[in-house]
Amino acid sequence: MDGKKPAAVFITSPTYHGICSNLSEISQLCHAYGIPVIVDEAHGAHLGFHPQMPHSALKQGADLVVQSTHKVLCSLTQSSMLHMSGNIVDRDRICRCLQTLQSTSPSYLLLASLDAARAQLAENPGTVFNKALELAIEASTLIKKIPGISVLDLASFNEFPAIDPLRLTLGFWSLGLSGYEADDILDRDHGVISELVGTQSITFAINLGTCREHNQRLVSGLKKLPTSSLHSKTTEKRVESREHAPFNDICISLNPRDAFFANKRSVSVRESLGKVCGELICPYPPGIPVMIPGEIITERALNYLLDVRRKGAVVTGASDSHLSSIVICDV
């Protein structure tokens, strides 16, 4: 509308928690202006293979779709697929780009596993997820009856058209537990392994390998969480811990290249305040860097990192994963 044409529109759908965007309307709008739609469908390779599941991105008109086939289907880790549809995107250009990026010595184990995953779906494309969907609905119904545990559902996101029924995201703040604490208890005491752990929640993935015994162990462990909780946090602290918002006070002192080649030294975490960060510090989840090389270290960023580290988040990129020290640029 401003007379400027975007090269493309890039969307992540579904999210890690299964929330799906309205790709049909987005695709129609973009295509009306000749703009291609690229979808990161890493967690949605299974969509469209059951009538109760959301439609796939390709079905909704996306031009390029990237799927991490290994995340939900049964191919080997690191194997993925790039799908193309329509005629807006130049296929020859995509091939040239792939030739630039891909190895001339691909792993045939990965390629064979992709073909095996495809064959598994092709045998019974409309019913292969019947059992998984039945187990997911069963688990969700039982968990909603457990006091103190909330279940993420579409009612929480009424502006979005669908949610992946095979993702179960549970909140534990009413029990005074962080997601990390709840995950530790479920893992240690009940042998339940989660898909994604956050400060306030845990996400579980139901897939083709899930069986009823897994469901029973999950529900049994969740029922025992209230008695495992120490209730050591006050309501005020729990509410405060949920107020983290995206940082809007980022200040870059050096560009990434200059920061990479700059002399560096390690200082205590409090001594680093106001200095130029010399390393990429990224808590997982969500896997988004809080500080990058060349950025001025702020008190807010430090407090956030120390808070999520105390709650059990894994900090990657930092030379000291315990965050007792931070590498800074010696400028």
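The values are calculated or read from the model by the stated rules, or taken from the named source; none is laboratory data. Keep in mind it's a predicted model, so treat the numbers as computed, not measured. Reconstructed Cβ throughout: ideal geometry from the backbone, glycine too, with neighbour counts over all protein chains shown. We work out accessible area using only protein heavy atoms, side chains counted, and drop any ligands, DNA or RNA first. Shrake-Rupley method; radii C 1.70, N 1.55, O 1.52, S 1.80 Å.
Condition (residue is aliphatic (A, V, I, L, M), buried (at least 18 other Cβ atoms within 10 Å of the Cβ), outside the structural domain of D40 (by the TED database) and under 19 Å from R212 (Cβ atoms)) applied to region 153-164: is it met by at least one residue? Walk me through it before giving the result.
Pass one, region 153-164, residues aliphatic (A, V, I, L, M): 154-155, 162-163.
So of that shortlist, the ones also buried (at least 18 other Cβ atoms within 10 Å of the Cβ) come out as 162-163.
Checking which are outside the structural domain of D40 (by the TED database) leaves us with 162-163.
Checking which are under 19 Å from R212 (Cβ atoms) leaves us with none.
No, region 153-164 contains no residue that is aliphatic (A, V, I, L, M), buried (at least 18 other Cβ atoms within 10 Å of the Cβ), outside the structural domain of D40 (by the TED database) and under 19 Å from R212 (Cβ atoms).
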Practice item. Answer with yes or no whether T210 is modelled with pLDDT of 80 or more, within 30 Å of T298 (Cβ to Cβ) and of a type outside the set (A, V, I, L, M). Key: no
Check your understanding: Quick one: is S194 touching a strand residue (DSSP E or B) at 6+ places or on another chain (Cβ under 9 Å), surrounded by fewer than 21 Cβ atoms within 10 Å (Cβ to Cβ) and not in a helix (DSSP H, G or I)?
Key -> yes
Review point. Just one of the numbered conditions (1) at pLDDT below 95; (2) open to solvent by less than 80 Å² (accessible area, probe 1.4 Å); (3) part of a helix (DSSP H, G or I); (4) of a type outside the set (A, V, I, L, M, F, W, C) is not true of S113; which one?
Key: (1)
Point to revise | Check on P36, open to solvent by less than 30 Å² (accessible area, probe 1.4 Å), in contact with a Cys (Cβ under 6 Å, 6 or more places away or on another chain) and not assigned by the TED database to the domain that holds F160 | key: no
Review point. When region 176-191 is examined, which residues are found to be in contact (Cβ under 8 Å) with a residue 40 or more places away in the chain, out of contact with any Phe, Trp or Tyr (no Cβ under 7 Å at 6 or more places or on another chain) and of a type in the set (A, V, I, L, M, F, W, C)?
Key: L177, I185
Practice item. Could you tell me whether E138 is open to solvent by 70 Å² or more (accessible area, probe 1.4 Å), assigned by the TED database to the domain that holds K224 and more than 14 Å from M53 (Cβ to Cβ)? Key: no
Exercise for review: Could you list all residues from region 294-317 that are open to solvent by 20 Å² or more (accessible area, probe 1.4 Å), touching a strand residue (DSSP E or B) at 6+ places or on another chain (Cβ under 6 Å) and outside any strand (DSSP E or B)?
Suggested key: R309, G317
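To keep it simple, each residue is scored yes or no on (1) modelled with pLDDT of 95 or more; (2) assigned to a helix (DSSP H, G or I); (3) in contact with a helix residue (DSSP H, G or I) (Cβ under 8 Å, 6 or more places away or on another chain).
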position: P6; (1), (2), (3): no, no, no
position: Y16; (1), (2), (3): no, no, no
position: Q28; (1), (2), (3): yes, yes, no
position: V39; (1), (2), (3): yes, no, yes
position: G44; (1), (2), (3): yes, no, yes
position: P51; (1), (2), (3): no, no, no
position: K59; (1), (2), (3): yes, no, no
position: P106; (1), (2), (3): no, no, no
Revision key, fill the gap. The residue that is farthest from L323 (Cα to Cα), considering only those in region 254-285 that are open to solvent by 20 Å² or more (accessible area, probe 1.4 Å) and acidic (D, E), is D258
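When only residues in region 318-331 that are open to solvent by less than 40 Å² (accessible area, probe 1.4 Å) and assigned to a loop (DSSP other than H, G, I, E, B) count, which is nearest to S253 (Cα to Cα)? First the steps, then the outcome.
First, pick out the residues of region 318-331 that are open to solvent by less than 40 Å² (accessible area, probe 1.4 Å): 318, 320, 323, 325-329.
When the remaining residues are screened for being assigned to a loop (DSSP other than H, G, I, E, B), the result is 318, 320, 323.
On the way: A318: 19, D320: 23, L323: 22 Å.
Checking each candidate, the answer is A318.
Could you list all residues from region 63-102 that are of a type in the set (S, T, N, Q), assigned to a loop (DSSP other than H, G, I, E, B) and loosely packed, with under 15 Cβ neighbours inside 10 Å?
Initial filter on region 63-102 (of a type in the set (S, T, N, Q)): 67-69, 75, 77-80, 85, 87, 99-100, 102.
Imposing the further condition that a residue be assigned to a loop (DSSP other than H, G, I, E, B) reduces the set to 68, 75, 77-80, 85, 87, 102.
Once the filter is applied, which keeps residues that are of a type in the set (S, T, N, Q), assigned to a loop (DSSP other than H, G, I, E, B) and loosely packed, with under 15 Cβ neighbours inside 10 Å, region 63-102 yields T77, Q78, N87, Q102.
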Exercise for review: Please give the number of the condition E123 fails out of (1) modelled with pLDDT of 95 or more; (2) over 28 Å from F10 (Cα atoms).
Suggested key: (1)
Practice item. Test each condition in (1) over 16 Å from the mean Cα position of the chain (by Cα); (2) over 20 Å from H43 (Cα atoms) for L154 and report the one that comes out false. Key: (2)
Point to revise | Cβ pairs under 7 Å, 6+ apart, first in region 139-158 and of a type in the set (V, I, T), second open to solvent by 70 Å² or more (accessible area, probe 1.4 Å) | key: I146/K223; V151/K144
Practice item. Return a yes/no flag: does region 27-49 have any residue that is free of Cβ contacts under 8 Å to residues at least 12 places away in the same chain and within 19 Å of R167 (Cα to Cα). Key: yes
